[in-house]
Amino acid sequence: MIKAMVFILITILATGPARADIELSPLRQVLTNTTRVATFTLSNPSARIIDGRVTWVDLSATETGYAPADAQTRAGLSAAPYLTLTPAQFRLEPGARIEVTVRLKDGARPPPGERRSHLLVETSAARTLIRKASSGLQADIAVGVSVPVLLRGRGRGAAVLSETKLLRDGDGLLLISTAIEPTGAYSTYGRLTATFLPAAADEEPELLGVRDNVAGYPDAPHRLVEIPFGFFSLGAGELT
C-alpha cells in the first residue's frame, strides 16, 4: 500500500457556490472606500467534520484561468496588504456554516486603480482508498477553493469582445469562442449569452448558451470564453 498527500486547488469560474468538500459563496466580492466590509458564507455539505484555514493567495490572470503571481507582479496586484480576514481557522460540523469576513483595514484607503487577491480556503486531509487491480493507493487528499476579492479606487470597468469564432468541440458539436479584452484599469465581469436569430421571419430567437461569472482582468490582455451549443448544425440566421 502506497500513501501519498495530494493537494488540489480549485479556482472557481463557474456560477453557483464554489464546491469541493466545502461550499463557498458568493464567487466574488468588491471592496471600495465606501464598501469596506464583505462576507462570504462557508458551509459543510459533507457527512464529516471539516477543519481548515482561510488565507490569501495572489494569482495572475491568464488567457484561460490563473497562475501563481511572481514577486514583481504581486507588488502591484495584491490586495491582501490592505485587508483583514477572519476567522483564520475553522471547524465545521456536517451541515454547519460560518461567515468569513473581509475588511478594509482601519484608516486604509484603496490605492488608485484596482488590486486583487484570492481568498483561499484550505481543508485538512481526508484519507481515501483508491484501488487499482490488486494494489491500492491510500491518499490523504487536501482541498483548496479560491475566489477573487477586488479592491477598487474610483473608476469603472470596460471591455470589448474580440476574436469571436464559431468552432466545434471534440465530438463535432458547435460552440462559440470569444475573448474578453479589458480597455481600462478595472475588471469587468458578468454574464455572456449566445442567441440565434433565424433568418425566417416567422421563427423565434433561440438562446443557445449562457456563461455566468465570466471576467476580464487588467493583468490579462484577453480572456478566452467558450459557450457550447450542443448542436451539430444551425440553420440560416445570425448569432448575437
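The values are calculated or read from the model by the stated rules, or taken from the named source; none is laboratory data. Please read all numbers here as calculations on a predicted model, not as lab measurements. Neighbour counts run over all protein chains shown; Cβ positions are idealised from the backbone, glycine included.
Out of curiosity, is L224 out of contact with any Leu (no Cβ under 9 Å at 6 or more places or on another chain), surrounded by 13 or more Cβ atoms within 10 Å (Cβ to Cβ) and part of a strand (DSSP E or B)? Yes; evaluated as a whole, the condition is true for this residue. The residue that is surrounded by the most Cβ atoms within 10 Å (Cβ to Cβ), among those in the stretch 168-185 that are out of contact with any Asp or Glu (no Cβ under 8 Å at 6 or more places or on another chain), over 14 Å from Y217 (Cβ atoms) and touching a residue at least 12 places away in the same chain (Cβ under 8 Å), is L174. Being buried (at least 17 other Cβ atoms within 10 Å of the Cβ), within 26 Å of D21 (Cα to Cα), at pLDDT below 95 and outside the structural domain of V214 (by TED's automatic domain parsing) is a condition met by at least one residue of the stretch 91-104.
Evaluate the stretch 138-151: report whether one residue or more is of a type outside the set (K, R), modelled with pLDDT under 85, touching a Lys or Arg at 6+ places or on another chain (Cβ under 6 Å) and surrounded by fewer than 20 Cβ atoms within 10 Å (Cβ to Cβ). Checked the stretch 138-151: at least one residue is of a type outside the set (K, R), modelled with pLDDT under 85, touching a Lys or Arg at 6+ places or on another chain (Cβ under 6 Å) and surrounded by fewer than 20 Cβ atoms within 10 Å (Cβ to Cβ). As a summary of the residue check, L151 satisfies the conditions (1) in contact with a Pro (Cβ under 8 Å, 6 or more places away or on another chain); (2) among the aliphatic types (A, V, I, L, M); (3) in a loop (DSSP other than H, G, I, E, B) except for the one numbered (3). The strands (runs of 3 or more DSSP E) falling completely within the stretch 154-205 that include 3 or more residues that are in contact with a His (Cβ under 7 Å, 6 or more places away or on another chain) map to 174-182. With respect to being in contact with an Asp or Glu (Cβ under 7 Å, 6 or more places away or on another chain) and either at pLDDT below 95 or over 18 Å from P148 (Cβ atoms) (or both), S60 fits the description. Taken over the stretch 87-123, the criterion of being of a type in the set (A, V, I, L, M) and closer than 23 Å to A69 by Cα is satisfied by A88, V102, L104, L119, L120, V121.
Where in the stretch 13-105 are there strands (runs of 3 or more DSSP E), lying wholly inside it, with at least 2 residues that are touching a residue at least 60 places away in the same chain (Cβ under 8 Å) and in contact with a Phe, Trp or Tyr (Cβ under 9 Å, 6 or more places away or on another chain)? Full working, then the answer.
Numbers: elements: 23-25, 29-31, 37-43, 50-57, 59-61, 66-68, 83-86, 89-92, 97-104.
Where strands (runs of 3 or more DSSP E) fall fully within the stretch 13-105 and carry at least 2 residues being touching a residue at least 60 places away in the same chain (Cβ under 8 Å) and in contact with a Phe, Trp or Tyr (Cβ under 9 Å, 6 or more places away or on another chain), they are 29-31, 50-57, 59-61, 97-104.
Which of (1) at pLDDT below 85; (2) farther than 27 Å from L83 by Cα; (3) touching a strand residue (DSSP E or B) at 6+ places or on another chain (Cβ under 9 Å) is the odd one out, the single condition V160 does not satisfy? Among (1) at pLDDT below 85; (2) farther than 27 Å from L83 by Cα; (3) touching a strand residue (DSSP E or B) at 6+ places or on another chain (Cβ under 9 Å), the lone unmet condition for V160 is (1).
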